[in-house]
1. Of all DSSP beta bridges in the chain, what percent run antiparallel (nearest 5)?
2. Using only Cα atoms and rounding to the nearest 10 degrees, what angle (0 to 90) does helix 197-206 make with the longest principal axis of the chain?
3. Using only Cα atoms, find the angle between the long axis of helix 42-52 and the longest principal axis of the chain, and express it within 0 to 90 degrees, rounded to the nearest 10.
4. Highest first, please rank the peptides 142-153, 92-103 by the mean number of other Cβ atoms sitting within 10 Å of their residues.
5. Skipping prolines and chain starts, which residues have an amide H placed within reach, meaning under 5 Å, of the one on residue 83, given they are 5 or more residues away or on another chain?
6. For an R0 of 22 angstrom, estimate the FRET efficiency from the Cβ-Cβ distance between residue 244 and residue 186 and round to the nearest 0.05.
7. How much of the pair distance distribution for segment 118-242 lies past 19 Å, counting alpha-carbon pairs only, in percent?
8. Given the chain, what whole percent of its Cα pairs are spread farther than 31 Å?
Amino acid sequence: MPDDSTPAKRDDRPEESRRVRLSQTFDEDAELYDRTRPGYPPELYDDLAELAGARPGSRVLEIGCGTGQAAVPLAERGCRITAVEAGPRMAAVARRNLDGAAGVEIVTADFETWPLPEEAFDVVFAATAFHWIDPAVRAAKAAEALRPGGALGVVRTQHVRGGTEKFFIEVQRCYERFDPDTPPGSRPPEAADINGSDHAQEIVRSGAFGPTVFRRYERDLTYTTTEYLRLLQTYSGHRALAEAARNGLLECIGGLVDGRYGGRVTKRYLIELAVSHRR
């Protein structure tokens, strides 16, 4: 979820500053993001309808819609969507992708400072965007936006162990060489070791929601060298590197994929849907 070009005043804590700085990188190349980032599996939307009530005619507020990866299938399922996207370039691409969709509005705004409409929503939804919102605001404002009994649905995506496993071990040498923040010997976690407890605890602490229900989906996506390098250029941590370091990193990774893996690698994703109902 990229930030606006004129962001509201933020907390000046170092972690807050870093979060805001990284979130702003996505809007730099919205077209690349739109062409490259994968969408979400169809069964996720089936579960969102079952667990959260995101069905035809329901009012959905999407936080950080990006270029519409989730908004498009939700609109196709008949949801009435208000999507708040802080990045003006991302929002423009989302409007293009949703042109002609009935009952859809794309708002260019910071969710933290955007004034909520008077009519409450049935569902508040965030797909790989909730973590970019100020932690002091996101759960409370999501609850404020919902009708009693309405649902907050949060999707998180993580790279987990699987796919071309040896590549993701060897590629750490490239990261350790060009990105000084890379922990030595870093490895993708096992999917079984990710349990969503941090999100569930945050929702409990808010005091506004009932228990959180999870659904999980694993999938493998295979990329050519060119496709994989394009994907990496949509990631905030890669975009935030100094140009020389970023170019060196991408060249190192591309050489490894071509030289040792035949120009193709497979990445395993864990996609997690968490649904909580407002009390």
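1. Working: 24 of 43 bridges.
Of those bridges, close to 55 percent are antiparallel.
2. Taking Cα atoms only, the helix is inclined about 30 degrees.
3. So the inclination is approximately 30 degrees.
4. Working: 142-153: 20.8, 92-103: 15.7.
Listed from highest to lowest mean packing, they are 142-153, 92-103.
5. Correct list: 62, 105, 106, 107.
6. On the way: r = 22 Å, r/R0 = 1.00.
Calculated transfer efficiency: 0.50.
7. Numbers: 4736 of 7750 pairs.
Everything past 19 Å amounts to 61 percent.
8. On the way: 10578 of 38781 pairs.
Across the chain, Cα pairs with separations above 31 Å total 27 percent.
Computed from the coordinates by the stated procedures, all read-outs in this text should not be read as laboratory data. Computed from a predicted structure; not experimentally measured. Cβ sites come from the backbone with ideal geometry, for glycine too, and all protein chains shown count toward neighbours.
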